[in-house]
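Values in this text are rule-based calculations from the coordinates and carry no lab data. A quick note: this is a predicted structure, and the numbers were derived from the prediction, not measured. Ideal geometry is used to build each Cβ from the backbone, glycine not excepted, and the neighbour counts take in all protein chains shown.
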Amino acid sequence: MSTAVPSYRGHRFPVDIISHCVWLHYRFPLSFREVEELMLERGIVVSHETVRR
């Protein structure tokens, strides 16, 4: 089984940040706005719309 690295070409944030946001949203019952707030506490300014996309 091959594990391909997802392509986030053209996105503003690195793959690690995008993957972490997606993981937070699906692993815990968090809304996109709650994920936005958690990332803001870590010093990463990302809107809930960016997380949703």
Check: Each label point is 7 Å from the Cα along the Cα-to-Cβ direction; what then is the distance between the points at Y26 and T3, in nm?
Finding: 1.4 nm
Notebook entry, point to check: Once the piece of chain linking E34 and V15 is laid out straight, how much longer is it, given 0.36 nm per residue of separation minus the C-alpha distance between them?
Noted result: 4.9 nm
